[in-house]
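Beneath this line is the structure, given in structure tokens, with notes to follow.
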Amino acid sequence: MKPACALASVALFSTVNALQLQSAQEPDSGEDDWQYIDLDKTEVAQRGSYCMDGSTPGYWYKEGTADGKWIISFEGGAMYCYDDQTCLEMMQKFQVEPTKVNLELYTGDFKEHSHVQLRKCDGGIFMSDTTATIGGKTMYLRGKRILDHTMDTLQKSHSFGSATEVMLTGGSGGGHSAFLLGDYVKGLMPASVKKYGAVPMSGWYASNTDKLEHVLELHQMHGAIAPGCAAAFPNEQHKCLEPENSYRYSKTPMFMVQMLDSQSLAGYFANNDTMSKSSKSAWDACLDTKITTHCDKDDATILEEYLEGLVSTVKSMPKYSQKGEGGFLSTCSKHVFYKEDEYHNYANNGATVEDAVSSWWKNMDHASAKWYLPCQLDVEHPSNMQCESSCSYDSGHTD
């Protein structure tokens, strides 16, 4: 079994972040009750809360009818840049028109909540706070300032100043941000908030773990590191950029949702080139319905080993048994499941993701930890190894 810490890593920036950027640019749901709001340009200049290219950041807003109830989500997509090439590529991606990335938390029990989605344009997962010259260009790495400014604006411009319940969420890179920033965002809440928790979705990984120390310094992220994690790693705060570590020391109640998706699998085997290639082949053969290769016992064993490692790691955390904690770990395999019907269909012992998140949120303040652990893949019969029937909704997907 591979050491648990490897669960939080992902192989190459070019592979992982290309997938994230692709998912972040997909069209929104077409709803007409959302509006995109720019932050005040004069305030942006005063506070220095610029996007990477010096432009004005903004956020998506949907007014709700449930008094005091809010959902704040981080936009998905690439997490951070770390050199001239990746920073320039990321800045170019952020220069396109903002597109709302739908999360199904906008429906069901949360339909009447007020919703905000924070647009990503900073290059440092809303944690950066510096200026750098990269590729001969001045880049504003100011995600922390954008986050602070946006939260202040919500209190002044909307009813957020009297919010009583706030859920923080996000998928993919946005889920990664929810893991890392849960405690920091809690400190930005109005005094009226009595209930606060986070739902990171498909975010249990970190790109380029061998570069995290450089990333921390390049982006000057120290001010957004959760205090508990910073105290645990006083001389290695870059380790707090790994969800496994930020989650372990977080004080924020969390309900993590994680699938058997290719990005997370890549992270498990990231430090072993041979196994990294084998795991990709195994996922392609067994779980990608667009690739018609044969899934054999060795392939299925690799996938089951990943699941066992994930469950073992989560169970080893003090948070696993604490009141108000929980999670949904599944053998279903779509990375961006939260944007489509899979949120309503993927199930675990009969409970869909939608059911599980709603139940956790309703009972978070007084209930014991609630976990939905994955079933065991049928390694002996790899051609029919899927143990959760609801994963049939995977048909025809790409991760």
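Name the GluC sites (Glu not before Pro) in region 125-229 that are in a loop by DSSP and that have at most 14 other C-beta atoms within 10 Å, would you?
On the way: sites: Glu165, Glu213, Glu217; in loops: none.
Hits after loop and neighbour filter: nothing returned.
Can you give me the pair-distance distribution of region 224-353, C-alpha pairs, 5 Å bins, whole percents?
Histogram of Cα-Cα distances, whole percents per bin: 2, 9, 16, 18, 19, 16, 10, 6, 2, 0.
Which value at 222 nm does the chain reach when only helices count, each DSSP H run of 4 or more adding -39,500 (n - 2.57), with the total divided by all residues and rounded to the nearest 500 deg cm²/dmol? Mind dumping the intermediate values first?
Values: 13 runs with 136 residues, N = 399.
After summing the helix terms and dividing by the residues of the chain, the value is -10000 deg cm²/dmol.
Just tell me the longest site-free run in the chain, where the sites are trypsin sites (Lys or Arg not before Pro) in a DSSP loop having at most 16 other beta-carbon atoms within 10 Å.
Numbers: sites that count: Lys111, Lys194, Lys251, Lys290, Lys323.
Result for the longest clean stretch: 1-110.
Convert each backbone phi in region 106-118 into a coupling constant with the Karplus relation 6.51 cos²θ - 1.76 cosθ + 1.60 (shift: θ = phi - 60°), then list the ³J(HN,Hα) values in order as whole Hz, x for Gly and Pro.
Each residue of region 106-118 in turn: 7, 10, x, 4, 9, 4, 8, 5, 7, 10, 10, 10, 7 Hz.
When only Cα pairs under 8 Å and 6 or more residues apart are kept, what is the percent relative contact order across the chain?
Values: 860 pairs, mean separation 68.4, N = 399.
Once divided by the residue count of the chain, the mean separation gives 17 percent.
Percent antiparallel among DSSP beta bridges with both residues in region 256-399, to the nearest 5?
Details: 2 of 8 bridges.
Antiparallel bridges: around 25 percent, rounded to the nearest 5.
Mean projection of the alpha-carbon convex hull of the chain over all orientations, in nm²?
Working: hull surface 72.3 nm².
Mean orientational projected area (the chain, Cα hull): 18.1 nm².
Too long at a 23 Å Cα-Cα cut-off: which of Lys120/Lys319; Lys69/Lys251; Lys41/Lys111; Lys239/Lys315; Lys251/Lys323; Lys194/Lys319? Each step should come with its number before you reach the end.
Values: Lys120/Lys319 29 Å; Lys69/Lys251 21 Å; Lys41/Lys111 31 Å; Lys239/Lys315 20 Å; Lys251/Lys323 11 Å; Lys194/Lys319 20 Å.
Going by Cα-Cα distance, Lys120/Lys319; Lys41/Lys111 fall outside the 23 Å limit.
Amide H neighbours of Ala198 under 5 Å, counting only residues 5+ apart in sequence or on other chains, H built in-plane at 1.01 Å?
Excluding prolines and chain starts, which carry no amide H, the hits are Leu168, Met254, Phe255.
Which whole-number percentage describes the relative contact order of region 188-260, with Cα contacts under 8 Å and a sequence gap of 6 or more?
Relative contact order comes out at 48 percent.
Laboratory data are not the source of any read-out in this text; all were calculated from the coordinates shown. None of the values given here were measured: they were computed from a predicted structure. As a convention, Cβ positions derive from the backbone with ideal geometry for all residues, glycine included, and neighbour counts pool all protein chains shown.
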